[in-house]
Amino acid sequence: MITIDPSLIPVSPVSVPVAVSFFQGCAALQMGGYLEAVESYMSGPATAIEKLAWRTITEIRRASPLTSKLAAMLGLTEAQVDDLFILAATIEA
């Protein structure tokens, strides 16, 4: 019998989703402790277009300008945003 060292088996990298549902994104933000800050921004200094987008979107896209702006506002790195999207993709209601 041949024994294979598990450390030699390549682990497939987890890909970052292009988009997640609005619910999944909000749930991941909640789990990360960021949702309150985002909602505060949306009810305060956000532009009219950002507020409209937040009220009407059905998905949150990783490459969207709003995602980038919120990440910067929250002080998140690109890796942290990727992690939030990966987490969000696993959430089901």
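The values are calculated or read from the model by the stated rules, or taken from the named source; none is laboratory data. The model shown is predicted, which means the values in this text are computed figures rather than measured ones. Cβ atoms come from the backbone with ideal geometry, glycine included; neighbour counts cover every protein chain shown. Side chains included, ligands, DNA and RNA excluded: accessible areas come from the protein's heavy atoms. Shrake-Rupley method; radii C 1.70, N 1.55, O 1.52, S 1.80 Å.
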Along the dipole axis of the chain (charges at Cβ: +1 for Lys and Arg, -1 for Asp and Glu; origin at the Cα centre), the most positive-end residue among M73, I86, V11 is M73
When every protein chain stays in place and a 1.4 Å probe is rolled, M31, M73, M42 sorted by accessible area with the largest first are M31, M73, M42
Over the chain, what is the mean sequence separation of C-alpha contacts under 8 Å (at least six apart), divided by residue count, expressed as relative contact order in percent? 47
Computed [θ] at 222 nm, helices only, for the chain once each DSSP H run of length n ≥ 4 contributes -39500 (n - 2.57): -16000 deg cm²/dmol
Accessible surface of the chain, 1.4 Å probe, proportion on carbon and sulfur as whole %: 63
Just one of (1) 20, 16, 12; (2) 33, 13, 11; (3) 28, 12, 10 is semi-axes √(5λ) of the Cα gyration tensor in Å calculated from these coordinates, so which is it? (2)
Note the full-extension length gain between T77 and F22 as 0.36 nm times their separation in residues minus their Cα-Cα distance, in nm to one decimal. 17.7 nm
Residues L52 and I91, FRET efficiency given R0 of 25 Å [Cβ-Cβ distance, rounded to 0.05]: 0.50
To the nearest 10 degrees, how steep is helix 78-89 against the longest Cα principal axis of the chain, on a 0 to 90 scale? 80
Report the local net charge at L76: Lys and Arg +1, Asp and Glu -1, summed over other residues whose C-beta lies under 14 Å from its C-beta. -1
Could you give the angle, 0 to 90 degrees to the nearest 10, between helix 22-32's Cα long axis and the longest principal axis of the Cα atoms of the chain? 80
Using a probe radius of 1.4 Å on heavy atoms only, what accessible surface per residue do you get for the chain? Whole Å² is fine. 68
Spelling it out for I91: with amide H atoms placed in the peptide plane at 1.01 Å from N, the residues 5 or more places away or on another chain with amide H under 5 Å from its amide H are none
